[in-house]
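What follows is a single structure, written as structure tokens, with notes after it.
The values are calculated or read from the model by the stated rules, or taken from the named source; none is laboratory data. Everything quoted here is computed from the prediction, not taken from an experiment. Here the Cβ is made from the backbone with ideal geometry for all residues, glycine too, and neighbour counts use every protein chain on show. Note: areas computed on protein heavy atoms with side chains; ligands, DNA, RNA excluded. Shrake-Rupley method; radii C 1.70, N 1.55, O 1.52, S 1.80 Å.
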Amino acid sequence: MSLVKTELDGILPLVARGKVRDIYEVDENTLLFIATDRISAYDVIMSNPIPDKGKLLTRLSEFWFNFLKDDILNHLVEIPQGKTLFDFLPMELGQDKYRHQLEGRSLLVHKHKLIPLEVIVRGYITGSAWKEYVSKGTVHDHTTVTGLKESQQLPESVFTPSTKAEQGEHDENISVEKAEKLVGEDLCRKIDVTARKLYDKCALYAKSRGIIIADTKFEFGITATGELVLVDEVLTPDSSRFWNAQTYEVGRGQDSYDKQFLRDWLTSNGVAGQDGVSMPQDIVEKTRAKYIEAFEALTGEKYL
């Protein structure tokens, strides 16, 4: 059964409904992230969901948080062996009508002060970066190497920040200099180095599994002592461009495992960015299949 919107009947206070996640407060230090099956493209939520999408995103994020646990702190609350999520929640949420909303799609996380940047790291030139490069020869207002072709790998991964927009608004690509003014020069430099290190490690692993991570978006929080914390979701098809390494070819758009598949359908049908769009069943099924394929390739697990 798909989950479009959670309803916890006031048992926990609702903090926010994002494009995908519904966020509840467990206590003053802890939040509950529930990944629904909503899907958005061009900053607009589709009218119908992708079945199992929230569970796939949650399991893939958990995989990457574990993969990177020796490289950076993350916001997950550690659940001891023998305990479950429900041991940390009000007893009422163990009832069936709530349990089906929570099981397999929830993360219990520590609250942290969020850094107000979308931390985008690019390893290949595509998307908005390619459009800017074609028109101006720059990427996020910075001159890069000349003669690049679409989808070509960059000489090294680059940090290309954007602003964090409210729901319904558009993120804005900004220069590193503007990011430094937003968060401070030292913190921005720390984010740059850390994010590229994480991306490089994960991209190398993914390539060994037959997937190219063209780019991704990280989000970070910060502790009281100034340590970076990896938060939100990590390297999912919602926050990354995944390409099939076997069919990759420089000079064109690529076969994609992520939301680019949906974006292409919206664009070709002239409904990109419009509210109230309902995906036809074949697009729903093909998109779901792409998410499952990416999950299984990256984790080595079967999605059941």
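Any idea how many residues of the range 1-15 are in a loop (DSSP other than H, G, I, E, B), touching a Phe, Trp or Tyr at 6+ places or on another chain (Cβ under 7 Å) and either at positive phi or surrounded by fewer than 15 Cβ atoms within 10 Å (Cβ to Cβ) (or both)? Even if it seems obvious, please write down each step before you answer.
Initial filter on the range 1-15 (in a loop (DSSP other than H, G, I, E, B)): 1-13.
Subsequent filtering for residues that are touching a Phe, Trp or Tyr at 6+ places or on another chain (Cβ under 7 Å) retains 8, 12-13.
Now drop any that are not either at positive phi or surrounded by fewer than 15 Cβ atoms within 10 Å (Cβ to Cβ) (or both), which leaves 13.
The qualifying residues number 1.
Which residue, of PHE242, PHE261, is open to solvent by less than 30 Å² (accessible area, probe 1.4 Å) and either touching a strand residue (DSSP E or B) at 6+ places or on another chain (Cβ under 7 Å) or farther than 22 Å from PHE33 by Cβ (or both)?
After applying the criteria, what remains is PHE242.
May I ask you to list pairs of residues, at least six apart or on different chains, whose Cβ atoms are under 7 Å apart, with the first in the range 82-101 being without any contact (Cβ under 8 Å) to a residue 40 or more places away in the chain and the second being open to solvent by less than 80 Å² (accessible area, probe 1.4 Å) and small (Gly, Ala, Ser)?
LEU85/SER106; PHE86/GLY94
Give the residue that is least open to solvent (accessible area, probe 1.4 Å), with candidates limited to residues of the range 29-46 that are hydroxyl-bearing (Ser, Thr, Tyr) and modelled with pLDDT of 95 or more.
Filtering first and then ranking leaves THR36.
Residues are listed down the side, and each one gets a yes or a no for (1) closer than 26 Å to ASN29 by Cβ; (2) in contact with a strand residue (DSSP E or B) (Cβ under 9 Å, 6 or more places away or on another chain); (3) among the charged types (D, E, K, R):
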{"site": "CYS188", "(1), (2), (3)": "no, yes, no"}
{"site": "ASP192", "(1), (2), (3)": "no, yes, yes"}
{"site": "ARG209", "(1), (2), (3)": "no, no, yes"}
{"site": "ALA224", "(1), (2), (3)": "yes, yes, no"}
{"site": "ASP232", "(1), (2), (3)": "yes, yes, yes"}
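Among the residues of the range 104-159, how many are farther than 30 Å from ASP52 by Cβ and either touching a His at 6+ places or on another chain (Cβ under 8 Å) or not in a loop (DSSP other than H, G, I, E, B) (or both)?
So the count comes out to 20.
Go through the residues of the range 249-257 one by one and say whether even a single one is under 20 Å from the mean Cα position of the chain (by Cα), hydroxyl-bearing (Ser, Thr, Tyr), surrounded by 19 or more Cβ atoms within 10 Å (Cβ to Cβ) and farther than 19 Å from TYR291 by Cβ.
no
Kindly indicate whether PHE63 is outside any loop (DSSP other than H, G, I, E, B) and either in contact (Cβ under 8 Å) with a residue 40 or more places away in the chain or among the small types (Gly, Ala, Ser) (or both).
Spelling it out, PHE63 is indeed outside any loop (DSSP other than H, G, I, E, B) and either in contact (Cβ under 8 Å) with a residue 40 or more places away in the chain or among the small types (Gly, Ala, Ser) (or both).
Suppose we filter GLY104, GLY18 for residues that are on the phi > 0 side of the Ramachandran plot, open to solvent by 20 Å² or more (accessible area, probe 1.4 Å) and of a type outside the set (A, V, I, L, M); which single one remains?
Result: GLY104 is the single residue among GLY104, GLY18 that is on the phi > 0 side of the Ramachandran plot, open to solvent by 20 Å² or more (accessible area, probe 1.4 Å) and of a type outside the set (A, V, I, L, M).
Evaluate the range 207-215: report whether one residue or more is of a type outside the set (D, E, K, R) and open to solvent by 10 Å² or more (accessible area, probe 1.4 Å).
Yes, there is a match, as at least one residue in the range 207-215 is of a type outside the set (D, E, K, R) and open to solvent by 10 Å² or more (accessible area, probe 1.4 Å).
Strands (runs of 3 or more DSSP E) wholly in the range 188-304 with at least 2 residues that are under 30 Å from VAL4 (Cβ atoms) and either of a type in the set (D, E, K, R) or without any contact (Cβ under 8 Å) to a residue 60 or more places away in the chain (or both) - which ones? Please lay out each step first, then the result.
Values: elements: 211-222, 228-231, 240-244.
The strands (runs of 3 or more DSSP E) meeting that bar are 211-222, 240-244.
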